[in-house]
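**Student:** Please read through the structure below; I'll follow up with questions.
The values are calculated or read from the model by the stated rules, or taken from the named source; none is laboratory data. All of these numbers come straight from a predicted model, not from anything done at the bench. Every residue, glycine among them, receives a Cβ derived from its backbone with ideal geometry; neighbour counts consider all protein chains shown.
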2 protein chains.
Amino acid sequence: MIATLRSSSRSLPVHLSRAILLSCLLAPIGLTCVAQAQQPATETLDLDMYARIRHEGIFNSHIMEYAGGLFDDIGPRLTGSPSLKKANDWTRDQFTHMGLANAHLESWGDFGMGWQQIGTSALMTAPATATFLAQATPWSPATKGQITADVIAIPELKEEKDFDAWKGKLTGKIVLYGPAPKIDPDAVPKLEHYDTAHLAAIGEFPLDGYNGLREQYVLPDDPAFWEKVFKQMAFKEKVSAFFASEKAAALLVPGGSGGVIHDDTGSSMGWFVYRPDHKQPIAEAVIANEAFGRISRLLSHDVPVKLALDIQTKFTGDHEPGMNTIAEIPGSDPALKDQVVMLGGHLDSWIAGTGATDDGAGAIIAMEAMRILKAVDAHPRRTIRVALWGGEEQGIFGSAGYVRDHFATLQYSTKPEEQLIPEFLRQQTGPVTLKPDHALLSGYFNADNGTGKFLGIYTEGNQAIGSIFEQWGKPLRDLGFTTISQRPTGSTDHVPFDLVGLPGFQFIQDPRDYESRSHHTNQDVYERLSEPDLQQAAVIMATFVYDAATRDQMLPRKPLPHPELVEQRSKPLEGIYPDAVKK
Amino acid sequence: MIATLRSSSRSLPVHLSRAILLSCLLAPIGLTCVAQAQQPATETLDLDMYARIRHEGIFNSHIMEYAGGLFDDIGPRLTGSPSLKKANDWTRDQFTHMGLANAHLESWGDFGMGWQQIGTSALMTAPATATFLAQATPWSPATKGQITADVIAIPELKEEKDFDAWKGKLTGKIVLYGPAPKIDPDAVPKLEHYDTAHLAAIGEFPLDGYNGLREQYVLPDDPAFWEKVFKQMAFKEKVSAFFASEKAAALLVPGGSGGVIHDDTGSSMGWFVYRPDHKQPIAEAVIANEAFGRISRLLSHDVPVKLALDIQTKFTGDHEPGMNTIAEIPGSDPALKDQVVMLGGHLDSWIAGTGATDDGAGAIIAMEAMRILKAVDAHPRRTIRVALWGGEEQGIFGSAGYVRDHFATLQYSTKPEEQLIPEFLRQQTGPVTLKPDHALLSGYFNADNGTGKFLGIYTEGNQAIGSIFEQWGKPLRDLGFTTISQRPTGSTDHVPFDLVGLPGFQFIQDPRDYESRSHHTNQDVYERLSEPDLQQAAVIMATFVYDAATRDQMLPRKPLPHPELVEQRSKPLEGIYPDAVKK
């Protein structure tokens, strides 16, 4: 998943507590009214199919083979890179090979630059020799081969006049940029498993003013906050331009401790470093916090430090198309086969590991779910469509592009300063415009919280679906699937569906070491995968999409969000204080 | 500390349950009888000095400055390396600077080769690009610059006929040697703190047949075990000779997971790779288990793997002298000043980190304890002597050499096969021969269990000292020093003292992440240090050596071990079964 940001809060609340038919009220102002079917109180489950899916997924699993091919062989899959292209081709071919229909790649637009890390090494040569843990930051240019240079520590620059103190002092030097991370000798990665009590808490909807959002990092609506963000983004690019103009040799930033370093710091010098017009002008690497701290302490005690630094990277194109891999099991019921149930995860990753848990796990869970459904000869009434997205890590681009091209368009602010942040974070400025297929998508099921097993599912505030998921999940309780939560979750590819009023869901996954170790780090590799958890997840994914594709009704929807209505609702009532003096 | 081996078990049990005067009984068979003084029931404590030591150690601490100079600037300190020499000189000069007397270096013998890692990098170039975590194994020769070569996986070779299958197949290849470590997605480093219950258990002496040794890895006395060890050691050198003769380009072994890799695998190709006559003939590096696993899985699925490997190392001499740093606060009491209380830790380390917790922590605790004693103007009656040992990691050489040169000699097996393992593991073959100073050493206090605070002390089965330590420790209880254990502990520099009947002690330290993360790994750096714990340890170390140097009596001793007596004791009694048929 993308770094934790609650994107929808910046746009419009999607968890309206209005009547289910609200979306029809919007028809007069340009929205198609989707007539929602009456939902039955009891789900009819095909328990024979449940058993076959489960047997195939647990006893004939091939999920670790997908893991081997995708993570070990193809490796990390940065959006725009040759490896992601290879992964797109490979997943399309795997889908064809397992007998799916219509396996193909679909562009979601011009992403920007293709880029690949060839290899990075950072060796200290004075005052002592040391081999440091280092990785290029994504889209960093290369150093001119291995450079051996003095290191200079520069504190965080906050405004342009801070540049003055460093002018003429950086030529040929390696810049150690920003403060050394604090020493925390107690920081070790945690392996966390949700217990019954924790799951029970997730299953409760807290009416504490946060409406279930407290556990998320919620971006404030405060314009002052955003002004600061815009300024920072613009200023970061000025900083790297300054270092480059001063002919510094390279830039080092701290990346994490204990052998775990983050590789999503491409934005440390600006968000859009992958676009040719924002290309970073100086080579940059993340190094272990311990290495950063050591150099920093030495320099602060007047000990000159020299490094031999080699950042080898390669740009492979300025306008690489962003691609999603798509394939289907066509629906078998003539009356329902145009309706679609989707599932997926994102295929792109960061670079230092192999993106095994973010979100390789989601991708292979989706692949294995499709394989299981073919292997058990399922004939779903609706079409089941799998999508492996690109560009999630830079802004949920693949799924948002797919939603835009197939289901509905959104209107975003065109203010120049908002163009410094990705679309999904920009202010929404108008109503949703629906396309005909909007009426045909029953729901989308996403997996993007690591390798942990599925312990339940978030309804995203779609209350009507709670009881349906409860019933679907009941035969899966012994696999650990127990919890239906009305809470919203964010930061990944179900959000674009949710934003246009389509049912999009993310599962509750056992956290394991996702947050503490593998998410966006060099440690996100095959060894972090839990095979039994992945098997369980694929079984549940296959079962849920089969259920959705086989029941009589489409899944119930939340009301469509609409700015006018929201604005009206958020206005205070008038005349409430009868004795208030009129101004 | 050295990898956990209970050395004394291979020689002679030192925890004899005989009367305290036993050592005198040995005089007729060549041992000097040390007349032990009657110990008082109550210790007289200088509580004013307790308070001054504590105030100086906590409020005026300089221990993190020693850490900065020793770990950040000087770096890792492999025995024989230029860095250890620099550290020896620096510690000697620091001791002089803090006002100690007689600061000097003392050789404990010819160690072997000087060696230094310049830097190591391992990049995968096919089938994908990747930057792997890697370190040269100690005393590995260098590759010829950066070599790019195919990797070949070779299973563990167990006997010479296993070589045949690989003859003619290794030229120019990088050998991935041995099985890939098992995947354990649950393995994360642990941060452990001993709680009251755990400490209470350590404080109990279990009469379970192990006599307190259960928590140690006890080397068996079984000759078959040792025969196997000798064979393995000899065979490992044959394996590397085979790879070299087949002109393999380099050798890779797995080193650890989750960003933590071990650097004490110099013995993976034989114990004595630091001796010119056992010099390893092929360049070798440890790589992260994840990298090893990835390459291994790819090769097993017929995917060719290429690496760009650069192991840069330098040999700096064939016969580097092993050195200890020694300094003193001379005793102030004319009657007692020839008697000595010692303290110390080992200055040498492995190579991938900076040896901050093993045993840099012990070294700076000892340095800071001496600084505190000078700062508070302590005038101990006996001489307090600090020793920072070398060669601990390869066989407790520095302290054993010091004991041999000053206090007593031991006799070890001269069988050729026993020469393949370090002296401290060899079979002892005769009685201890004492030197005059044996009678003058009151005790030795060692710190070598990481950065954790001192929670108590092991008496090494010296029961008479339990009550003394209890009384010394009582005013320190609020600092967390609570537990006196009669159990023995092993694997570090107090052992050579203990082996010749001298009181040598190791403190009980809070484990923290020593075993799980920093012990012999690339993560053993400044950031692993806990400043408050180190301050506490220095205060307790200073207090204990001051107490030992100031009380009226020398510390009580355990009886000297002696082979004849042990042999006699271990013979079964005769005539116990009156009806047994004589053979």
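**Student:** For residues that are part of a helix (DSSP H, G or I) and charged (D, E, K, R), scanning just the range A:500-533, find the one that is farthest from the other protein chains (Cβ to nearest Cβ).
**Tutor:** Going residue by residue through the range A:500-533, those that are part of a helix (DSSP H, G or I) are A:514-518, A:526-528, A:531-533.
Add one more test, that the residue is charged (D, E, K, R), and what stays is A:515, A:517, A:527-528, A:531, A:533.
Values: A:Glu515: 12, A:Arg517: 7, A:Glu527: 5, A:Arg528: 6, A:Glu531: 8, A:Asp533: 8 Å.
Selected residue: A:Glu515.
**Student:** Looking at A:Ala356, A:Ala375, can you tell me which residue is closer than 30 Å to A:Arg52 by Cβ, in contact (Cβ under 8 Å) with a residue 40 or more places away in the chain and surrounded by fewer than 24 Cβ atoms within 10 Å (Cβ to Cβ)?
**Tutor:** Working: A:Ala356 fails: surrounded by fewer than 24 Cβ atoms within 10 Å (Cβ to Cβ).
Within the list A:Ala356, A:Ala375, the selection yields A:Ala375.
**Student:** Could you say whether any residue in the range A:170-192 is among the basic types (Lys, Arg), buried (at least 18 other Cβ atoms within 10 Å of the Cβ) and within 29 Å of B:Gln523 (Cβ to Cβ)?
**Tutor:** Let us first name the residues in the range A:170-192 that are among the basic types (Lys, Arg), namely A:173, A:182, A:190.
In the following step, the residues that additionally are buried (at least 18 other Cβ atoms within 10 Å of the Cβ) were identified as A:173.
Adding the requirement that they be within 29 Å of B:Gln523 (Cβ to Cβ) leaves A:173.
Yes.
**Student:** While we're on this one: With the condition kept exactly as written, say whether any residue in the range B:109-116 is surrounded by 18 or more Cβ atoms within 10 Å (Cβ to Cβ), aromatic (Phe, Trp, Tyr) and within 14 Å of chain A (Cβ to nearest Cβ). Break it down into steps so the answer makes sense when it comes.
**Tutor:** Filtering the range B:109-116 down to residues surrounded by 18 or more Cβ atoms within 10 Å (Cβ to Cβ) leaves B:111-116.
If we keep only those that are aromatic (Phe, Trp, Tyr) as well, we get B:111, B:115.
Those left that are additionally within 14 Å of chain A (Cβ to nearest Cβ): B:115.
Within the range B:109-116, one or more residues are surrounded by 18 or more Cβ atoms within 10 Å (Cβ to Cβ), aromatic (Phe, Trp, Tyr) and within 14 Å of chain A (Cβ to nearest Cβ).
**Student:** Do the conditions hold for B:Asp437, that is, is it away from chain A (no Cβ under 14 Å), within 18 Å of B:Gly398 (Cβ to Cβ), in a helix (DSSP H, G or I) and modelled with pLDDT of 95 or more?
**Tutor:** For B:Asp437, the condition - away from chain A (no Cβ under 14 Å), within 18 Å of B:Gly398 (Cβ to Cβ), in a helix (DSSP H, G or I) and modelled with pLDDT of 95 or more - is met.
**Student:** Scanning the range B:243-265 for residues that are within 18 Å of B:Ile147 (Cβ to Cβ), among the small types (Gly, Ala, Ser) and assigned to a loop (DSSP other than H, G, I, E, B), which turns out nearest to the other protein chains (Cβ to nearest Cβ)?
**Tutor:** The residue in question is B:Ala249.
**Student:** I'm told B:Ile351 meets every condition in (1) within 30 Å of A:Asp73 (Cβ to Cβ); (2) in contact with a strand residue (DSSP E or B) (Cβ under 9 Å, 6 or more places away or on another chain) except one. Can you identify the failing condition by its number?
**Tutor:** Unmet condition: (1).
**Student:** Under 8 Å between Cβ atoms, at least 6 apart or on separate chains: pull out the pairs that start in the range A:559-583 with a residue that is within 30 Å of A:Pro503 (Cβ to Cβ) and end on any residue that is modelled with pLDDT of 80 or more and among the aliphatic types (A, V, I, L, M).
**Tutor:** Matching pairs, first to second residue: A:Leu560/A:Val432; A:Leu560/A:Val500; A:Pro561/A:Val432; A:Pro561/A:Leu499; A:His562/A:Val432.
**Student:** Sticking with this structure for a sec: Scan (1) within 26 Å of B:Tyr66 (Cα to Cα); (2) assigned to a loop (DSSP other than H, G, I, E, B); (3) away from chain A (no Cβ under 14 Å) for the single condition B:Arg487 breaks and write down its number.
**Tutor:** (1)
**Student:** So, one more: Among the residues of the range B:388-404 satisfying the criterion of being within 12 Å of B:Ser349 (Cβ to Cβ) and among the small types (Gly, Ala, Ser), which is surrounded by the fewest Cβ atoms within 10 Å (Cβ to Cβ)? Before the answer, list the steps.
**Tutor:** Taking the range B:388-404 first, the residues within 12 Å of B:Ser349 (Cβ to Cβ) are B:388-394.
From the residues that got through so far, the ones that are among the small types (Gly, Ala, Ser) too are B:390-391.
Numbers: B:Gly390: 34, B:Gly391: 29.
Of everything passing the filter in the range B:388-404, B:Gly391 is surrounded by the fewest Cβ atoms within 10 Å (Cβ to Cβ).
**Student:** Mind checking which pairs have a first residue in the range A:459-484 that is closer than 20 Å to A:Asp195 by Cα and a second that is assigned to a helix (DSSP H, G or I) and modelled with pLDDT under 95, Cβ under 7 Å, 6 or more apart or different chains?
**Tutor:** Going by the 7 Å Cβ cut-off, the qualifying pairs are A:Thr483/A:Ile202.
**Student:** Shifting gears a bit: Scan the range B:55-73 and give yes if some residue there is within 14 Å of chain A (Cβ to nearest Cβ) and among the aromatic types (Phe, Trp, Tyr), otherwise no.
**Tutor:** First pass over the range B:55-73, keeping only residues within 14 Å of chain A (Cβ to nearest Cβ): B:62-73.
Filter once more, keeping what is among the aromatic types (Phe, Trp, Tyr): B:66, B:71.
Yes - at least one qualifying residue is present in the range B:55-73.
**Student:** Could you grab me the full set of residues in the range A:319-358 that are under 20 Å from the mean Cα position of the chain (by Cα), of a type outside the set (D, E, K, R) and assigned to a loop (DSSP other than H, G, I, E, B)?
**Tutor:** Hits for the range A:319-358 are A:Leu347, A:Ser349, A:Trp350, A:Ile351, A:Ala352, A:Gly353, A:Thr354, A:Gly355.
**Student:** Hey, among A:Val303, A:Val341, A:Val286, which residue is among the hydrophobic types (A, V, I, L, M, F, W, C) and farther than 30 Å from A:Pro155 by Cα? So that I can check it myself, show each step before the final result.
**Tutor:** On the way: A:Val303 fails: farther than 30 Å from A:Pro155 by Cα; A:Val286 fails: farther than 30 Å from A:Pro155 by Cα.
That would be A:Val341, the only listed residue that is among the hydrophobic types (A, V, I, L, M, F, W, C) and farther than 30 Å from A:Pro155 by Cα.
**Student:** Then there is this: Within the range B:74-89, track down each residue that is touching a helix residue (DSSP H, G or I) at 6+ places or on another chain (Cβ under 8 Å) and closer than 14 Å to B:Ala363 by Cβ.
**Tutor:** Of everything in the range B:74-89, those that are touching a helix residue (DSSP H, G or I) at 6+ places or on another chain (Cβ under 8 Å) and closer than 14 Å to B:Ala363 by Cβ turn out to be B:Ile74, B:Gly75, B:Pro76, B:Arg77, B:Thr79, B:Ser83, B:Lys86, B:Ala87.
**Student:** Quick check on A:Gly490: is it in contact with a Pro (Cβ under 9 Å, 6 or more places away or on another chain) and of a type outside the set (Phe, Trp, Tyr)? Explain how you work it out, then say what you get.
**Tutor:** Numbers: in contact with a Pro (Cβ under 9 Å, 6 or more places away or on another chain): no; of a type outside the set (Phe, Trp, Tyr): yes.
Answer is no for this residue.
**Student:** Name every residue in the range B:118-157 that is at the interface with another protein chain (Cβ under 7 Å from one of its Cβ atoms) and either farther than 14 Å from B:Pro304 by Cβ or in a strand (DSSP E or B) (or both), in order of residue number. Give the derivation first.
**Tutor:** Filtering the range B:118-157 down to residues at the interface with another protein chain (Cβ under 7 Å from one of its Cβ atoms) leaves B:118-121, B:123, B:127-131, B:133, B:135.
Scanning the range B:118-157 gives B:Ile118, B:Gly119, B:Thr120, B:Ser121, B:Leu123, B:Thr129, B:Ala130, B:Thr131, B:Leu133, B:Gln135.
**Student:** Test of understanding: among B:Thr482, B:Thr492, which residue is out of contact with any Lys or Arg (no Cβ under 6 Å at 6 or more places or on another chain), assigned by TED's automatic domain parsing to the domain that holds B:His346, over 19 Å from B:Met342 (Cα atoms) and of a type in the set (Ser, Thr, Tyr)?
**Tutor:** Values: B:Thr492 fails: over 19 Å from B:Met342 (Cα atoms).
Being out of contact with any Lys or Arg (no Cβ under 6 Å at 6 or more places or on another chain), assigned by TED's automatic domain parsing to the domain that holds B:His346, over 19 Å from B:Met342 (Cα atoms) and of a type in the set (Ser, Thr, Tyr) holds for just one of B:Thr482, B:Thr492, which is B:Thr482.
**Student:** Give the range A:554-583 a look and list any residue that's surrounded by 15 or more Cβ atoms within 10 Å (Cβ to Cβ) and either outside any helix (DSSP H, G or I) or modelled with pLDDT of 95 or more (or both), or say none.
**Tutor:** Selection gives A:Met554, A:Leu555, A:Pro556, A:Arg557, A:Lys558, A:Pro559, A:Leu560, A:Pro561, A:His562.
**Student:** In addition: Pull up the range B:185-195, narrow it to residues that are at the interface with chain A (Cβ under 8 Å from one of its Cβ atoms) and in contact (Cβ under 8 Å) with a residue 24 or more places away in the chain, then point me to the one that is farthest from B:Arg294 (Cα to Cα). So that I can check it myself, show each step before the final result.
**Tutor:** Initial filter on the range B:185-195 (at the interface with chain A (Cβ under 8 Å from one of its Cβ atoms)): B:185-186, B:188-191.
From what is left, the residues that are in contact (Cβ under 8 Å) with a residue 24 or more places away in the chain are B:188-191.
On the way: B:Val188: 19, B:Pro189: 21, B:Lys190: 25, B:Leu191: 28 Å.
If we take residues in the range B:185-195 being at the interface with chain A (Cβ under 8 Å from one of its Cβ atoms) and in contact (Cβ under 8 Å) with a residue 24 or more places away in the chain, then B:Leu191 is farthest from B:Arg294 (Cα to Cα).
**Student:** Take the conditions crowded, with 22+ Cβ neighbours inside 10 Å and in contact with a Leu (Cβ under 9 Å, 6 or more places away or on another chain) and apply them to A:Ala308. Does it pass? Spell out how you get there, then give the answer.
**Tutor:** Numbers: crowded, with 22+ Cβ neighbours inside 10 Å: no; in contact with a Leu (Cβ under 9 Å, 6 or more places away or on another chain): yes.
Criteria not met by A:Ala308.
**Student:** Now, a different point. Determine which member of the set A:Leu105, A:Leu133, A:Leu100 is surrounded by 21 or more Cβ atoms within 10 Å (Cβ to Cβ), within 30 Å of A:Pro330 (Cα to Cα) and touching a helix residue (DSSP H, G or I) at 6+ places or on another chain (Cβ under 9 Å). I'd like the intermediate steps shown before the answer.
**Tutor:** Values: A:Leu105 fails: surrounded by 21 or more Cβ atoms within 10 Å (Cβ to Cβ); A:Leu133 fails: within 30 Å of A:Pro330 (Cα to Cα).
When all the criteria are applied, what remains is A:Leu100.
**Student:** Same structure again: How many residues are assigned to a helix (DSSP H, G or I), closer than 15 Å to B:Val545 by Cβ and not aliphatic (A, V, I, L, M) when one looks only at the range B:366-419? Quick ask: steps written out before the conclusion?
**Tutor:** The initial filter retains those residues of the range B:366-419 that are assigned to a helix (DSSP H, G or I), namely B:366-375, B:392-395, B:397-406, B:416-419.
If we keep only those that are closer than 15 Å to B:Val545 by Cβ too, we end up with B:366-375.
Subset that is not aliphatic (A, V, I, L, M): B:368, B:371, B:374.
The total comes to 3.
**Student:** Moving to a separate point now. Specify which of the listed residues (A:Asp552, A:Asp524) is under 25 Å from A:Gly68 (Cβ atoms) and of a type outside the set (S, T, N, Q).
**Tutor:** Values: A:Asp552 fails: under 25 Å from A:Gly68 (Cβ atoms).
Being under 25 Å from A:Gly68 (Cβ atoms) and of a type outside the set (S, T, N, Q) holds for just one of A:Asp552, A:Asp524, which is A:Asp524.
**Student:** Suppose the filter is part of a loop (DSSP other than H, G, I, E, B), touching a residue at least 40 places away in the same chain (Cβ under 8 Å), closer than 29 Å to B:Gly353 by Cβ and at the interface with chain B (Cβ under 10 Å from one of its Cβ atoms); does A:Ser296 pass it? Walk me through it before giving the result.
**Tutor:** Values: part of a loop (DSSP other than H, G, I, E, B): no; touching a residue at least 40 places away in the same chain (Cβ under 8 Å): yes; closer than 29 Å to B:Gly353 by Cβ: yes; at the interface with chain B (Cβ under 10 Å from one of its Cβ atoms): yes.
No: the conditions fail for A:Ser296.
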